[in-house]
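Asks: Just passing along the structure, written as structure tokens.
Here, each number is a calculation from the coordinates, and none is a lab measurement. Please read these numbers as outputs of a predicted model, since none were measured by experiment. Cβ placement follows ideal geometry from the backbone for every residue including glycine, while neighbour counts extend to all protein chains displayed.
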Amino acid sequence: MSVALSTAAPSLFEDVACYGCGRPGGRAFIDAQDDLTGKAGTFHFVICETCGLAFQNPRVSLDHIRGFYDDDYIAHRKTNWGLLNAAFNRAMNQLDAAKDRIVSRYVGLNASSAVLDVGCGVGTFLQRLRQRYGAAVTGVDFKNLASYPALQGTEFHCGLFYEAALADRRFDLVTMWHFLEHDYDPLHSLRTAHRVLKRGGHLVIEVPRLDSFTFWLFRDRWPGLQAPQHTVLYDRTHLLQFMERAGLEVVDYLPYGAFPAYFYLFTGTAFLMLKGRGLNLKRAIYPYFLGRVLMAPVLAFEKHLNLAMQTVVCRRPQ
Ligand SMILES: [Zn+2]
């Protein structure tokens, strides 16, 4: 299913109050287009006049947003990339390895570990943890991806995280890789993560960082806007405030993530040139890998440059 905004009924959109403090409205911040796919429509982000949180308002209603996570959605695609299949698969493995490296700094995973990945997508990260550590793995995703091979052998819950039937104090580790910025009720999700974590268990969250170099550079073409899917744009301050509100103890904060900042440098440049016409991923993949090679000297310092991503590591208090 896909949604054509040009012919859509007004009920496609709904007003939303600030996700942090509940204040309705907000002053205009930035207007964005669906730069990734080129679907029609302009989407508005506002800044809360009480707490300063940046969020999309109005937003596409939950019933309608599903159409924006169709089979072409970038995180789920099964495209045949031709000669670059191997390079694409290697990039995906590298992403899972980078996630593994981040969590392994805080949590010693082993065969008795229980791990939950919220917004698990096709499940390759969980598959890695199961194969490498023997961990018991569980995934939740809004979209039913249970037929994907990596999810075989994984307990999978399709639907909203805070509605999933998961027992209290069950997990040693909960991860949210680029989930929270899509969430329609992030505080509810964080409190749910708190509930399902064991005491002392860890929560690792990666989201795009609003107060980053790439936002400064690309502004209304910043890939981190990802309209209409992204509901909230977190800067460091607001991300940490959300953890506090959910009763989580912040263990560490990283000005980078597992997801490569280079993706934002490349797509942001492309979005500036395409002006909302949508990115043809098949055509873009050669310049993508070429650019990555050329930028390697800069990317070597990615963890120190605050380019695009942020990761917060939290713990449920004892
Ligand atoms: Zn607010």
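Asks: Ranked from highest to lowest mean number of other Cβ atoms within 10 Å per residue, what is the order of the peptides 111-118, 202-209?
Replies: Output ranking for 111-118, 202-209: 202-209, 111-118.
Asks: Check each of the trypsin sites (Lys or Arg not before Pro) in segment 141-174 and keep only those in coil by DSSP with at most 14 other C-beta atoms within 10 angstrom; list them in order.
Replies: R169
Asks: Seen from all sides and averaged, what is the projected area of the convex hull of the Cα atoms in segment 5-315, in nm²?
Replies: Details: hull surface 61.4 nm².
Mean orientational projected area (segment 5-315, Cα hull): 15.4 nm².
Asks: Can you give the local net charge around Q310? Use residues other than it whose beta-carbon is closer than 13 angstrom to its beta-carbon, Lys and Arg +1, Asp and Glu -1.
Replies: Numbers: positive: R209, R236, K303; negative: E181, E206, D211, D235, D252, E302.
Residues near Q310 contribute -3 overall.
Asks: If you average the sequence gap of Cα pairs under 8 Å that are 6 or more apart and divide by the length of segment 5-315, what percent do you get for the contact order?
Replies: So the answer I get is 19 percent.
Asks: Follow-up question, since we're still on this one. List, in the order given, every pair from K39/K275; K282/K303; K99/K303; K39/K143; K39/K282 whose Cα-Cα distance in the structure shown is over 23 Å.
Replies: Violating the 23 Å Cα-Cα cut-off are K282/K303.
Asks: If you don't mind, another one. Tell me, in nm to one decimal, what length is gained between D63 and R90 on full extension, where the rule is 0.36 nm per residue of separation less the Cα-Cα distance?
Replies: 6.2 nm
Asks: Rounded to whole Å, give me the distance from the Cα center of segment 284-306 to that of segment 158-206.
Replies: That distance is 32 Å.
Asks: Sticking with this one: Just add up the charged neighbours of L239: K/R +1, D/E -1, any other residue whose Cβ is under 13 Å from the Cβ of L239.
Replies: Once positives and negatives cancel, what remains is -4.
Asks: Give the value in nm², to one decimal: projected area of the alpha carbon convex hull of segment 193-300, averaged over all directions.
Replies: Quarter of the Cα hull surface area: 8.6 nm².
Asks: Now for a separate question. For R191 and R105, what does the FRET efficiency come to when R0 = 25 Å and r is the distance between their Cβ atoms, rounded to the nearest 0.05?
Replies: That pair, R191 with R105, gives E of 0.50.
Asks: Further question: Summing +1 for each Lys or Arg and -1 for each Asp or Glu, what net charge is found among the other residues whose Cβ lies under 11 Å from the Cβ of Y256?
Replies: Local net charge: 0.
Asks: Rounded if a/c is under 1.5, else prolate if a/b beats b/c, else oblate: with a ≥ b ≥ c from the C-alpha gyration tensor eigenvalues square-rooted, which is segment 172-223?
Replies: prolate
Asks: Quick one: which of 88-95, 159-166 comes out on top by average Cβ neighbours within 10 Å, and what's the full order, highest first? Present the calculation step by step, with values, prior to reporting the outcome.
Replies: On the way: 88-95: 14.0, 159-166: 15.8.
Most protected by this proxy first, the peptides run 159-166, 88-95.
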